[in-house]
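Enquirer: First, the structure itself, so that you have it in front of you.
The values are calculated or read from the model by the stated rules, or taken from the named source; none is laboratory data. All figures in this text were calculated on a predicted structure; none of them were measured in a lab. Using ideal geometry, Cβ is built from the backbone for each residue, glycine included, and neighbour counts are taken over all protein chains shown. These area figures cover heavy atoms from the full protein model, side chains too; ligands, DNA and RNA do not enter into them. Shrake-Rupley method; radii C 1.70, N 1.55, O 1.52, S 1.80 Å.
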Amino acid sequence: MTSIQIGSTLRSLRKKAGLSAKEVSAILSNTYNIKMEHGTLYNYEKGRSSPDIDRFLSLCMIYECRDVLYEFGYTNKKLSAIPLNSEEFEVLDKFQSLSDSEKDMILGALRIERQELPKEKTS
């Protein structure tokens, strides 16, 4: 993938996230402690330069790009057909870090909860 293709994908992801370049610069500074002028982002998006790995991954996190390989054209298979919002992704991430016994407890609780839900009446 060329720097122009990477830049085009970054721009597309930013637009999809509904963010301006100035907003992205502010988020990078405030959340990730990465100082970057919005003009630098435009240079990335035009393929004039490429972000270092920290900036690239931070941009992907800001844009909620969870499947970097797919989004940037390195594979044609999505990791998941079910998109996750940031809260769901955080829950999944925490669940994956649990021990097997802790996972069993959580899964058991979820099964109990599902069984206790009242069934909807059909008419």
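Enquirer: Mind checking which pairs have a first residue in region 24-35 that is in contact (Cβ under 8 Å) with a residue 24 or more places away in the chain and a second that is open to solvent by less than 70 Å² (accessible area, probe 1.4 Å) and of a type in the set (S, T, Y), Cβ under 7 Å, 6 or more apart or different chains?
Expert: Close Cβ pairs satisfying both conditions: L28/S58; Y32/S58; I34/S58.
Enquirer: Quick check, is I112 over 22 Å from G7 (Cα atoms), open to solvent by 50 Å² or more (accessible area, probe 1.4 Å), assigned to a loop (DSSP other than H, G, I, E, B) and at pLDDT below 85?
Expert: For I112, the condition - over 22 Å from G7 (Cα atoms), open to solvent by 50 Å² or more (accessible area, probe 1.4 Å), assigned to a loop (DSSP other than H, G, I, E, B) and at pLDDT below 85 - is not met.
Enquirer: Exactly one of (1) open to solvent by 40 Å² or more (accessible area, probe 1.4 Å); (2) part of a helix (DSSP H, G or I); (3) not hydroxyl-bearing (S, T, Y) is unmet by R66. Its number?
Expert: With respect to (1) open to solvent by 40 Å² or more (accessible area, probe 1.4 Å); (2) part of a helix (DSSP H, G or I); (3) not hydroxyl-bearing (S, T, Y), R66 is out only on (2).
Enquirer: Considering only residues that are in a helix (DSSP H, G or I) and touching a residue at least 12 places away in the same chain (Cβ under 8 Å), look in region 44-55 and name the one that is surrounded by the fewest Cβ atoms within 10 Å (Cβ to Cβ).
Expert: The residue in question is D54.
Enquirer: Right, another one. So for region 78-93 (the condition being outside any loop (DSSP other than H, G, I, E, B), without any contact (Cβ under 8 Å) to a residue 60 or more places away in the chain, surrounded by 12 or more Cβ atoms within 10 Å (Cβ to Cβ) and acidic (D, E)), does at least one residue qualify?
Expert: Among the residues of region 78-93, not one is outside any loop (DSSP other than H, G, I, E, B), without any contact (Cβ under 8 Å) to a residue 60 or more places away in the chain, surrounded by 12 or more Cβ atoms within 10 Å (Cβ to Cβ) and acidic (D, E), which makes the answer no.
Enquirer: Which residues, counting only those in region 43-53, are touching a helix residue (DSSP H, G or I) at 6+ places or on another chain (Cβ under 6 Å) and either of a type in the set (D, E) or farther than 17 Å from T2 by Cβ (or both)?
Expert: E45
Enquirer: Scanning for something small (G, A, S), open to solvent by less than 20 Å² (accessible area, probe 1.4 Å) and outside any loop (DSSP other than H, G, I, E, B), does region 32-41 turn up at least one residue?
Expert: no
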